[in-house]
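Below: one structure, written as structure tokens.
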Amino acid sequence: MNNIEQVLKSYYGYDEFRPLQKDIIMHTIGGGDSLVLMPTGGGKSLCFQMAALMTDGMAVIVSPLISLMKDQVEGLRMNGITAEALNSSNDEGYNRDIINRCVDGKVKMLYISPERLVGGVLTILQNVKVSLFAIDEAHCISGWGHDFRPEYTQLGQLKQLFPRVPIMALTATADKVTKEDILVQLNIKDAKTYISSFDRPNLSLDVKRGYSAKDKLRSIEELIRRHPGESGIIYCLARKTTETLAAKLKQDGFSVGVYHAGMPNSERNQVQDDFQNDRVQVICATIAFGMGIDKSNVRFVVHYNLPKSIESFYQEIGRGGRDGLPCETILFYNLQDIITLRKFADESGQREINFDKLKRMQEYAEAQVCRRRILLNYFGEISGKDCGNCDVCHTPPQMFDGTTIVQKALSAIVRTEEKIGFTLMVDILRGTLSPDVVSNKYNEIKTFGTGRDISARDWHDYLLQMLQMGFFEIAYNEDRHLHITLLGQEVLYGRSMVQLAIINREEFTVKSRRKKQREEREMEWAAVGQGQSGDLFNRLREVRRQVAAEIGKPAFIVMSDKSLQDLVLKRPTTLEAMADVYGFGEYKAKAYGKPFIEAIKQYASDSADLPFPEFRDGDKTLSTTADLTAKKEDNHEYKQELDRLIEMQADINRQIEELRKKIK
């Protein structure tokens with residue numbers, strides 16, 4: 001089978017590729033190196049898996065975590081693909097068997113850690129036909145990255161040892177400097193860079209500032225109740241916090257597990273397995289948990305404390321909603337988090353870099369502009385519009401025409417040849433004769449002193465807004481100098497107008513969500529939970545659980561929630577029709593489709609909500625499920641209105657009776 005779309009449909013059950021996936025695959029098949037930047041859940045793994053299926057030989061996937069290898073290998077095997085993971089969780093006899101089968105050409109994809117690869121396996125692989133090297137979590141190779149790992153730096157020798165084998169480096173979190181460094185470290189400077197949109201519109205973004213521990217607990221419990229039976233992750237800064245929070249949630253009747261690096265490996269593995277297999281609903285964890293989690297149906301991600309960087313934050317919230325369905329993300333933030341994280345940064349081996357990254361994270365938490373725009377702009381994807389799915393968009397600040405203010409700032413950057421940072425720019429705009437201003441003769445440029453009417457504090461706030469809206473960027477590898485973007489040029493030269501947020505210095509503590517917002521959210525999530533038909537959805541979810549238990553795999557590997565909803569919508573009654581369901585390839589349909597088909601047929605015979613019912617309603621024939629559903633909804637609304645009027649009538653009668661008593 002050599003048609004790429006046929007391979008996609010046959011093995012994965014997808015009808016089409018996501019943006020850039022096909023281009024990346026074809027480039028790799030042609031022997032080209034590449035750097036792939038896609039958000040978590042954006043489809044990175046499909047790129048190297050499909051490239052491996054379309055070429056002769058064995059693909060080698062370098063991955064830092066055993067849990068990630070395990071999930072992806074299980075998923076590939078479910079689709080009928082021969083894959084193995086060579087790691088320390090296997091006994092050495094099994095690992096030797098894997099090596100032998102690789103040499104014999106019986107393995108299509110081999111997952112391996114960087115330590116084990118360079119620790120001896122590389123020599124063996126020179127006797128194997130390797131089709132490609134995929135370096136996952138490639139940001140770990142860069143000293144500029146948020147999760148630098150020294151063992152990754154040894155991967156630079158791959159290009160010397162296998163000069164004709166394409167290398168695909170993949171990451172979900174890399175800023176401009178990190179991207180360039182990855183190419184240098186892997187010796188693939190001529191690689192083609194593919195940058196997918198980092199936008200994950202299914203993730204809502206909410207920041208809650210100044211909450212007490214009691215308020216946090218109340219908010220989290222309300223969140224869990226909105227997601228009955230659905231998975232969620234709560235990230236905490238300290239190990240003790242994970243244990244304390246989990247104990248309180250358990251005391252209130254919630255299904256919660258704890259995960260942190262201080263636990264024995266056996267306990268951590270058990271907690272992770274319980275979460276993967278839906279035996280535990282919520283995980284309270286430190287950042288030790290998650291990089292390898294490929295669970296597709298996480299419906300909420302909470303940060304109990306401020307993360308150390310935007311890269312970490314975006315990677316962690318990216319573990320929610322990987323199936324494309326809605327996921328709530330909530331970030332709690334207070335001053336103590338900053339104090340703790342600054343201490344960590346000060347003790348790290350990359351003090352200045354980590355301080356800068358923490359500052360950007362703090363700025364995100366305190367922002368008054370659309371939070372999604374901030375995230376996208378940070379990763380180099382300029383967005384000129386608000387998202388409508390974050391707390392700032394839901395309750396926007398008061399705005400004013402700030403075009404002139406922005407133009408003054410951008411003019412200062414241009415007239416100093418983009419060689420200034422924040423502090424020096426404020427001195428120039430305020431007309432301050434600081435030593436740096438005078439020594440560089442910046443007091444002689446036209447922009448000097450044009451912003452005297454604005455305080456230094458307010459200038460910093462406005463500049464932060466400009467940065468977050470993508471009018472300029474920070475070049476960390478050029479002493480943090482400011483560079484104007486294309487969007488900024490549009491404003492500077494009068495082709496675009498800018499609205500800035502009015503500065504509000506008042507500190508605030510949010511005690512609860514506005515009633516209207518809460519009701520709208522609850523209705524939205526209730527609708528998501530019900531799917532196309534609540535009863536059938538729940539029946540099929542139970543079938544999925546039973547199938548998963550029988551084969552000893554997590555339920556989401558058998559079928560994602562998105563596939564489950566498509567199954568409810570299409571209701572196939574044959575194995576051939578089952579292959580048309582999203583995410584169900586031919587192999588999976590034949591292997592696991594039968595119990596789902598039987599459940600659909602049983603539902604059709606049990607329920608009045610038949611696939612194609614025909615009922616009489618006066619002169620109107622209800623010939624589709626949609627018509628019948630509409631009829632039921634109308635009746636429900638009528639009943640609700642009747643109940644409301646009866647309640648009003650009872651209240652009026654009580655008031656009349658009270659007035660009669662007063663008159664007497």
Go through His146, His139 for me and flag whichever is in contact with a helix residue (DSSP H, G or I) (Cβ under 6 Å, 6 or more places away or on another chain) and at pLDDT 85 or above.
His139
Give the residues of the range 147-169 that are in a loop (DSSP other than H, G, I, E, B) and more than 18 Å from Thr55 (Cβ to Cβ), sorted by residue number.
Asp147, Phe148, Arg149
Exactly one of Phe355, Phe332, Phe313 is in contact (Cβ under 8 Å) with a residue 12 or more places away in the chain, crowded, with 21+ Cβ neighbours inside 10 Å and out of contact with any Lys or Arg (no Cβ under 6 Å at 6 or more places or on another chain), and that residue is Phe313
Only one of Phe275, Phe332, Phe289 that is at pLDDT below 95 and part of a strand (DSSP E or B):
Phe332
Name the residue that is farthest from Asn297 (Cα to Cα), counting only residues in the range 550-582 that are assigned to a loop (DSSP other than H, G, I, E, B), open to solvent by less than 10 Å² (accessible area, probe 1.4 Å) and in contact (Cβ under 8 Å) with a residue 60 or more places away in the chain.
Val581
Could you grab me the full set of residues in the range 166-183 that are more than 20 Å from the chain's Cα centre (by Cα) and open to solvent by 20 Å² or more (accessible area, probe 1.4 Å)?
Glu180, Asp181, Leu183
What pairs come out if I take residues in the range 254-267 that are among the aliphatic types (A, V, I, L, M) and pair them with residues that are part of a helix (DSSP H, G or I) whose C-beta lies under 7 Å away, six or more apart or interchain?
Val256/Ala246; Val256/Leu249; Val256/Lys250; Val258/Thr242; Val258/Glu243; Val258/Ala246; Val258/Val271
Among residues of the range 395-408 being touching a residue at least 60 places away in the same chain (Cβ under 8 Å) and assigned to a helix (DSSP H, G or I), the residue surrounded by the fewest Cβ atoms within 10 Å (Cβ to Cβ) is Thr403
Could you tell me whether Lys106 is at pLDDT 90 or above, over 24 Å from the mean Cα position of the chain (by Cα), surrounded by fewer than 20 Cβ atoms within 10 Å (Cβ to Cβ) and outside any loop (DSSP other than H, G, I, E, B)?
no
If you scan the range 38-68, which residues turn out to be hydroxyl-bearing (Ser, Thr, Tyr), in a helix (DSSP H, G or I) and modelled with pLDDT under 85?
Ser67
Tally of residues being buried (at least 20 other Cβ atoms within 10 Å of the Cβ), in a loop (DSSP other than H, G, I, E, B) and of a type outside the set (D, E, K, R) across the range 184-210
5
Would you mind stating whether Lys22 is without any contact (Cβ under 8 Å) to a residue 40 or more places away in the chain, under 26 Å from the mean Cα position of the chain (by Cα), over 27 Å from Gln276 (Cβ atoms) and open to solvent by 20 Å² or more (accessible area, probe 1.4 Å)?
yes
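The values are calculated or read from the model by the stated rules, or taken from the named source; none is laboratory data. This structure is a prediction, so every number in the text was calculated from the model and none was measured. Every residue, glycine among them, receives a Cβ derived from its backbone with ideal geometry; neighbour counts consider all protein chains shown. For accessibility, only protein heavy atoms count, side chains too; no ligands or nucleic acids. Shrake-Rupley method; radii C 1.70, N 1.55, O 1.52, S 1.80 Å.
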